[in-house]
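Working notes, beginning with the structure itself.
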Amino acid sequence: MRFLPAVDILDGQAVRLIQGDYAAVTVFGDAEAVVGRLLAQGAEALHLVDLNAARDPNDRSNHQVLEGCLSQARDYKVMVELGGGVRDKRAVSEFFALGVDRVIIGTSALETKGWVLDLEEEWRPKLVLSLDFRMHDGEAFVVMDAWRRTSAFRLEEAVHDFSQQGFITQLITPVSRDGMASGPDLDRYRRLVAEYPIDLIASGGIRDAHDLEALASIAPARGRIEGAVVGTALYRGALSVPEGLIACSR
């Protein structure tokens with residue numbers, strides 16, 4: 001299982017939001033400096049999100065910061081996935097042109113599916129479909145527009161439909177757990193990899209090495225747990241990069 005330290009970038013700063021709320025933001029310092037520290041501690045991969053672009057796809061004010069982060073990552077030869085505001089083919093192409101290994105596509109892909117299905121076949125193994133969800137009347141529904149709107153799309157239907165179209169790597173985040181250090185949604189992840197042929201990236205609620213070990217212990221079935229995104233636990237000191245790497249390798 002891949003260990004993915006998260007760096008969410010807002011106005012050039014590394015931040016954490018609580019449940020995706022831009023009004024509930026904690027700043028942890030200059031994003032490039034944070035990336036440098038993670039790499040120096042031994043990070044082997046990075047999960048970067050441009051929050052400015054996620055809120056407004058036309059806002060590319062973090063472009064220079066992203067280039068600086070990616071330059072450092074190249075020096076360390078680590079894998080980088082990048083998302084935020086990716087809602088058309090041009091944005092995908094621009095992100096790959098920056099030199100990232102994987103591009104994260106947001107949930108807007110559900111409403112305007114045509115452009116996603118028209119993407120080049122060779123890109124698909126390098127794409128991560130982000131399916132963030134909220135619970136409503138006991139069912140999981142995908143959220144959109146930087147988590148501001150709950151759609152009519154059920155999570156499991158989206159997982160199934162996109163996996164059938166060749167979008168195997170899927171980032172699954174329960175909004176209610178994001179930034180809350182309340183523990184990952186282990187039962188849901190276990191069900192999803194049992195039923196669907198996906199490489200699932202778990203995100204939201206991871207507190208410590210024990211949570212990572214629990215995720216890593218989920219047995220592969222039709223799918224598997226490919227990675228785990230960790231943010232708050234790293235920034236709060238509940239988990240170190242070396243501890244995360246060890247836990248994910250078990």
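Taking the stretch 121-149 as the region of interest, how many residues are open to solvent by 70 Å² or more (accessible area, probe 1.4 Å) and at negative phi?
Residues flagged as open to solvent by 70 Å² or more (accessible area, probe 1.4 Å) and at negative phi within the stretch 121-149 amount to 10.
Would you pick out the residues in the stretch 67-85 that are closer than 19 Å to Trp123 by Cβ, modelled with pLDDT of 90 or more, of a type outside the set (Asp, Glu) and in contact with an Asp or Glu (Cβ under 9 Å, 6 or more places away or on another chain)?
Correct list: Met79, Val80, Leu82, Gly83, Gly84.
Could we say that Ser93 is within 19 Å of Thr169 (Cβ to Cβ), hydroxyl-bearing (Ser, Thr, Tyr), within 19 Å of the chain's Cα centre (by Cα) and not in a helix (DSSP H, G or I) here?
no
Here is a yes/no grid of residues against (1) over 23 Å from Arg16 (Cα atoms); (2) among the basic types (Lys, Arg); (3) out of contact with any Ser or Thr (no Cβ under 9 Å at 6 or more places or on another chain):
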position: Met135; (1), (2), (3): no, no, no
position: Gly138; (1), (2), (3): yes, no, yes
position: His160; (1), (2), (3): yes, no, yes
position: Ser163; (1), (2), (3): yes, no, yes
position: Thr169; (1), (2), (3): yes, no, yes
position: Arg177; (1), (2), (3): no, yes, no
position: Leu186; (1), (2), (3): no, no, yes
position: Ile198; (1), (2), (3): yes, no, no
position: Ile201; (1), (2), (3): no, no, no
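Scan (1) of a type outside the set (Val, Ile, Thr); (2) open to solvent by less than 10 Å² (accessible area, probe 1.4 Å); (3) more than 18 Å from the chain's Cα centre (by Cα) for the single condition Gln41 breaks and write down its number.
Here Gln41 meets the rest and fails (2).
Of all residues in the stretch 162-208 being in a helix (DSSP H, G or I) and within 14 Å of Arg134 (Cα to Cα), which is least open to solvent (accessible area, probe 1.4 Å)?
Looking at the filtered set, the residue picked out is Val175.
Go through the residues of the stretch 35-46 one by one and say whether even a single one is within 21 Å of Val86 (Cβ to Cβ) and outside any helix (DSSP H, G or I). Full working, then the answer.
First, the residues of the stretch 35-46 that are within 21 Å of Val86 (Cβ to Cβ): 35, 45-46.
Then keep just the ones that are outside any helix (DSSP H, G or I); that gives 45-46.
Yes, some residue in the stretch 35-46 is within 21 Å of Val86 (Cβ to Cβ) and outside any helix (DSSP H, G or I).
Working only within the stretch 11-34, note down all residues that are assigned to a strand (DSSP E or B), open to solvent by 10 Å² or more (accessible area, probe 1.4 Å) and either polar (S, T, N, Q) or under 16 Å from Leu70 (Cα atoms) (or both).
Selection gives Gln13, Thr26, Asp30.
Of the residues Asp132, Asp145, Asp59, only one is under 24 Å from Phe3 (Cα atoms), touching a residue at least 24 places away in the same chain (Cβ under 8 Å) and touching a helix residue (DSSP H, G or I) at 6+ places or on another chain (Cβ under 8 Å); which?
Only one candidate qualifies: Asp132.
Hey, any hits in the stretch 213-223 for a residue that's more than 18 Å from Ala45 (Cβ to Cβ) and of a type in the set (Ser, Thr, Tyr)?
Taking every residue of the stretch 213-223 in turn, at least one turns out to be more than 18 Å from Ala45 (Cβ to Cβ) and of a type in the set (Ser, Thr, Tyr).
The values are calculated or read from the model by the stated rules, or taken from the named source; none is laboratory data. What you see is a predicted model, and the numbers here were worked out from it, not measured in a lab. Here Cβ is always computed from backbone atoms with ideal geometry, including for glycine, and neighbour counts include all displayed protein chains. What goes into the accessible areas is simple: the full protein's heavy atoms, side chains included, and nothing from ligands, DNA or RNA. Shrake-Rupley method; radii C 1.70, N 1.55, O 1.52, S 1.80 Å.
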